[in-house]
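Structure first, commentary second.
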Amino acid sequence: PSLRSSSDPRRQSLDTSDSCGHNMENEEYESLPTSDVKIHMTAGAIAGVMEHVVMYPLDSVKTRMQSLYPNPKASYRSVPEALYKMVRHEGLLRPIRGVSAVTMGAGPAHALYFSCYEKMKRVLSGSETGAHHPIAQGGAGCLATLLHDAVMNPAEVVKARMQVFNSPYKSAMNCFLDVYRREGLRAFYRSYMTSISMNIPTQSLHFITYEFMQEMTNSERNYSPKAHMMSGAIAGGFAAAVTTPLDVCKTLLNTQEKQTLKTSKQNSVTGLWNAATTIYMCCGPKGYFQGLQARVLYSMPATAISWSVYELFKYLMTSKDVQKTHSISSATHLPNFASHLNTSEAKWDNKRDSVLDTSVTHPNVITSTADNTQNLLNT
């Protein structure tokens, strides 16, 4: 019975060991780093590929609808009409032609994009989530965009040239090699300054709006698929609508549309200002909003997919690290528990031996106690 009592040293040792182990696991769980660059890069790469692959057909429509002088066979009034005509007249796979280019570019570009944003958001805001620091969020978005566009711009050039009507290229590699041979390496970065001029304000607005919506819908910053998806959709749609004129300029620089060059009597369009004046000369103010509907319809689900996939994989990989940490913690505490148990058993044996030694050394005490007990029973 004494072994089951709370005063049992072995029991106390077990309780202490369990308590220490439990506390240690809690501390390790709470202190688990959420700023792991590998997690952010892996989750970001997966999110980027998923976003671009799933939404690529709408991106093809957007490129077509931003054409200033579309071919009569490629003139569309709405997104559904564009998809229908592309599939009917050019084949079932036409809307996804060139997807391999963005697949190869989106992975590394978004890995840098998300990891840079997460890191710089913490550095600039001085907090884990960067909440209530819109300047830090916008600044982190700017730096992330510079890295993203440096990697993604060549893929954007290849993609845009394969998306236009009557594109002469059979594959993304064929397009890349032909552009490089004819126009040189600078052709892949002709629109880079325009891209960052467009994407810096776009992504700054995007991140600030996303973080604001997270505060509104998910203030505790737990994993919440609905909150991530809704915040991403609103942020992406708002930022895309505001920056559509810059996107039209970027599309013109990437495609170098032949009919536009012929009408404007230019050999090529270079630079943001040249693109903006060319668009105004050809189409007037309304030219800056070519493809607005397609751009917003593309951006809302695209950013919703991107953020929800990113947060999902970040959550899964962080949870996996938590389980691994717990396993290591348990393995570390097991030898300590065994040591405590062995020490307690030794103390218990010493106490037992001490009692036996007392009975041998002082037999009268034991006999007297036994006689008193017997007399009490007789009474």
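Give the average over all directions of the projected area of the C-alpha convex hull of segment 114-203, one decimal, in nm². List each step's numbers first, then the result.
Details: hull surface 27.4 nm².
Value for segment 114-203: 6.8 nm².
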Worksheet, complete the sentence: Once Lys and Arg are counted +1 and Asp and Glu -1 for all other residues with Cβ under 11 Å from that of residue 231, the total becomes -2
Practice prompt. Would you mind computing, in nm to one decimal, how far apart the modelled labels at residue 318 and residue 37 are, each placed 7 Å from Cα along Cα→Cβ?
Written response: 1.9 nm
Response to the item:
Length-normalised contact order of segment 153-206, Cα under 8 Å, at least 6 apart, in percent, tallies to 37 percent
Discussion item. Between residue 273 and residue 96, what is 0.36 nm times their sequence separation minus the Cα-Cα distance? Round to one decimal in nm.
Written reply: 60.6 nm
Practice prompt. Would you work out the relative contact order for segment 155-264, in percent, from Cα pairs under 8 angstrom that are 6 or more residues apart?
Written response: 34 percent
Worksheet item: Which peptide among 225-231, 247-253 comes first, and what is the full order, when sorted by highest mean count of other Cβ atoms within 10 Å?
Response: 247-253, 225-231
Item to complete: Go through 205, 147, 261 and list them by solvent-accessible area, largest first, probe radius 1.4 Å.
Response: 147, 205, 261
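Rg/Rh for segment 165-208: what does it come to with C-alpha atoms and Rh from Kirkwood?
Rg/Rh for segment 165-208 comes to 1.18.
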Item to complete: Obtain the nm distance between the two label points defined at residue 266 and residue 171 by a simple spin-label model: each point lies 7 Å from its Cα along the Cα-to-C-beta direction.
Response: 3.4 nm
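Rounded to two decimals, what is the ratio between the C-alpha radius of gyration of segment 215-277 and 2.2 N^0.38 Å?
On the way: Rg = 19.0 Å, N = 63, 2.2 N^0.38 = 10.6 Å.
In units of the globular-protein estimate, segment 215-277 measures up at 1.79.
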Worksheet, complete the sentence: The extension gain from residue 182 to residue 146, computed as 0.36 nm times the residue separation minus the Cα-Cα distance, is 10.3 nm
Worksheet item: residue 87 versus residue 242, label points 7 Å from Cα toward the beta carbon: distance in nm?
Response: 3.5 nm
Discussion item. I need the per residue convex hull volume for segment 150-275, using only the alpha carbons, in cubic angstrom as a whole number.
Written reply: 133 Å³
Worksheet item: How much accessible surface does residue 314 have with a 1.4 Å probe, in Å² rounded to 10?
Response: 40 Å²
Worksheet item: So what does residue 300 come to for accessible area, using a 1.4 Å probe and Å² rounded to 10?
Response: 70 Å²
Discussion item. Using only the heavy atoms of the protein chains and a 1.4 Å probe, how would 313, 207, 238 rank by accessible area, largest first?
Written reply: 238, 313, 207
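Quantify, in whole percent, the carbon and sulfur part of the accessible surface of segment 72-120 (1.4 Å probe; protein heavy atoms only).
On the way: 1670 of 2520 Å².
Roughly 66 percent of what the probe reaches on segment 72-120 is carbon or sulfur.
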Item to complete: Calculate, for residue 215 and residue 193, the FRET efficiency according to 1/(1 + (r/R0)^6) with r their C-beta to C-beta distance and R0 56 Å; round to the nearest 0.05.
Response: 0.95
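The values are calculated or read from the model by the stated rules, or taken from the named source; none is laboratory data. Everything numeric here is computed off the predicted structure, so don't read it as measured data. Reconstructed Cβ throughout: ideal geometry from the backbone, glycine too, with neighbour counts over all protein chains shown. The protein model used for the area step is the full one, side chains on, heavy atoms only, and it has no ligands, DNA or RNA in it. Shrake-Rupley method; radii C 1.70, N 1.55, O 1.52, S 1.80 Å.
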